[in-house]
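Okay, so here's the structure we're looking at.
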Amino acid sequence: MLTLDRHVGIHPEVVSTELGDGETALLHLKTKTYFSLNGTGARIWWGLQRGLSLKEISQLLQSEFVVDSERADRSVVELVDDLLRQQIVQAL
Amino acid sequence: MSRLVVELTNRCNLRCGHCYDERHAATGDLSSEILDRILAEGQVCGIDHLSFTGGEPTIHPEFDGIVRRVCGAGYTFSFVSNGVRVPKIHPLLVEHRRWFQGATFSLDGAREATHDALRGPGSYRQVLRAASVCVVKNLSFTLNMVLTARNRGEVSEMVELAARLGSGGVRFGHLMPSPDIASRGLELSLDERRSVEAEIWRLRESASVPVAMAPGYFSESPFFPCAPLELEEFNLDYRGNLTLCCHLSGYRRGATGADVLGNLRRMSLAQALERFRQRVGVYLADKRDRVARGEFSELDHFPCLYCVKYMDKVSRLSPLASHPRSSATATGGPSC
């Protein structure tokens, strides 16, 4: 079970591109799987790129969006869990 | 309707091992004056599509404005690119998606190491990043691979990669010969060319994406299909020269001029196109004579090699002259 004190790293075979409209495109070079992240997802990705813990990323969301802590935590965990399953990120 | 292949610039932001040195020192961009002429006269001449090449066309300093003007004038457009600037320019493409018919990304290896060895470290990821932007933004793209001694073994992987990436297809093309390239050991022999072509034709039968070969592959008939010779496509270099063929544009600083038909600074597009049609007629007549005289060699069945000789685009010291499979046929090409 993924917890908020975890750190995860971006898989070295993933390329990401900020699209300037809040969206981020991801591509795993090995699996050739594409992902598109919306504004919230892109912000979570930004935190992952900088090595923040999931808790720190949740706090970042709470400071930037009108969202309570429970929902922010859930957003981070659900997305990162999905990215882990797709090997876009990996546990450190 | 026909299309005009426009070399927006002869500059490039990469230094690829299979390109020629003059390209790496290039400084020229298509002028606004020439673009004005194209847009004003193209449709009257039956041209409705502009295909931008280079160099790297997206580094033209006015690329944004050019796209806006082209679309505003009612032309569709496409471009060939190394993909580096696509993350920057994609909003422009999205805005003009009605006129945008797709990008062709140059990917010269299914494997990162192969592509990067030819095009520079990080360039593979730049192409795939560009592909990801296109997929997310629903913009069409295809892949183009220049066949070399380094990537010849990755043809089937390339087809699979194109399918998995969501590419609209993949096109393979032979390397254009020049002395620079010969010294780098990248050329395929004629036998190797035919062997890889056979593999591509086989793959085409079963691939889940369209697989094509650019003109230049072996043709039994001396009168092979080539868009300029079918008057479906015309080529304009960055200096405003309408040319019979875009290959090796600017090589030897365009020294021979054998395929230059006119410059749009000095004549109308209609006049230049009329010269083009006349030149195609002369070209075909010359070829018929050559065939009738029994002078059509094995080498000449590779159309681009025939034209490189015919147009005198490479020097007499061309590696073709010393190529082990072409030594008997490549030195006596007709001069223009």
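Some points to look at:
- Annotation: amide H of A:V14 within the under-5 Å range of A:L29, sequence separation 5 or more or interchain, hydrogens built in the peptide plane.
- Most positive-pole-ward Cα, B:H174, B:A25, B:N82, against dipole of chain B from beta carbon charges: B:A25
- The residue list B:V136, B:L261, B:A40 was ranked by how far each Cα lies along the charge dipole of the protein assembly as shown toward its positive end, using unit charges on Cβ atoms, and B:L261 comes out on top.
- Each Lys and Arg contributes +1 and each Asp and Glu -1, all at the Cβ; summed about the Cα centre of the stretch A:1-77, the dipole is approximately 280 debye.
- Peptide B:134-144, shielding by other chains (average Cβ, 10 Å cutoff): 2
- Residue by residue along A:6-19, Cβ atoms of other protein chains within 10 Å of the local Cβ number 2 on average.
- Computed Kirkwood radius, in angstrom, where 1/r is averaged over Cα pairs of the protein assembly as shown: 23.6 Å
- Gyration tensor verdict on the stretch B:108-254 (Cα atoms; rounded if a/c is under 1.5, prolate if a/b is larger than b/c, oblate otherwise): rounded
- Cα-based Kirkwood hydrodynamic radius, the stretch B:198-242, one decimal, Å: 13.1 Å
- Mean partner shielding of peptide B:119-132, defined as the number of other chain Cβ atoms within 10 Å of each residue Cβ, is 3.
- Cα gyration tensor, chain A - rounded (a/c under 1.5), prolate or oblate: oblate
- Pair B:R69, A:L4: separation of 7 Å Cα→Cβ label points (nm): 5.6 nm
- Debye, to nearest 20: dipole size of chain B, +1 on Lys, Arg Cβ, -1 on Asp, Glu Cβ: 440 debye
- Positive-end extreme of charge dipole, the stretch B:98-245 - chosen from B:P225, B:A149, B:F105 (charges on Cβ): B:F105
- In terms of the mean number of neighbouring beta-carbon atoms within 10 Å, the peptides B:85-91, B:169-175 order highest first as B:169-175, B:85-91.
- Projected label distance in nm at B:F296 and B:N13, using a 7 Å step from Cα toward the beta-carbon: 4.4 nm
- Cα-centre dipole for the protein assembly as shown with unit charges at Cβ (Lys and Arg positive, Asp and Glu negative), debye to 20: 680 debye
- Taking label positions 7 Å along the Cα-Cβ direction at both B:E199 and B:R288, the computed distance is 4.0 nm, reported to one decimal.
- Once you reduce the stretch A:15-78 and the stretch B:208-251 to the center of their Cα atoms, the two points are 46 Å from each other.
- Environment charge of B:I200, counting only residues whose C-beta is closer than 13 Å and scoring Lys/Arg +1, Asp/Glu -1: 0
- Ellipsoid equivalent to chain B - semi-axes via the Cα gyration tensor, in Å: 29, 26, 18
- Bridge orientation summary for chain B: considering DSSP beta bridges with both residues in this region, about 15 percent are antiparallel.
- Relative contact order of chain B: 18 percent, from C-alpha pairs under 8 Å at least 6 residues apart in sequence.
- Volume in Å³ per residue [convex hull over Cα atoms, computed for the stretch B:157-226]: 119 Å³
- Each principal axis of the stretch B:1-107 carries a Cα extent, and these read 40, 26, 22 Å when sorted largest first.
- Shape parameters for the stretch B:130-193, alpha-carbon atoms, Rg then Dmax in Å: 14.3, 42
- For the peptides B:300-310, B:272-282, B:116-126, the ranking by mean Cβ contacts within 10 Å, running from highest to lowest, is B:300-310, B:116-126, B:272-282.
Read-outs: derived from the displayed coordinates by stated rules, not from any lab. Owing to the predicted nature of the structure, the values given are computational and were not obtained by experimental measurement. A quick note on method: Cβ atoms are made from the backbone with ideal geometry, for glycine too, and the neighbour counts reach across all protein chains shown.
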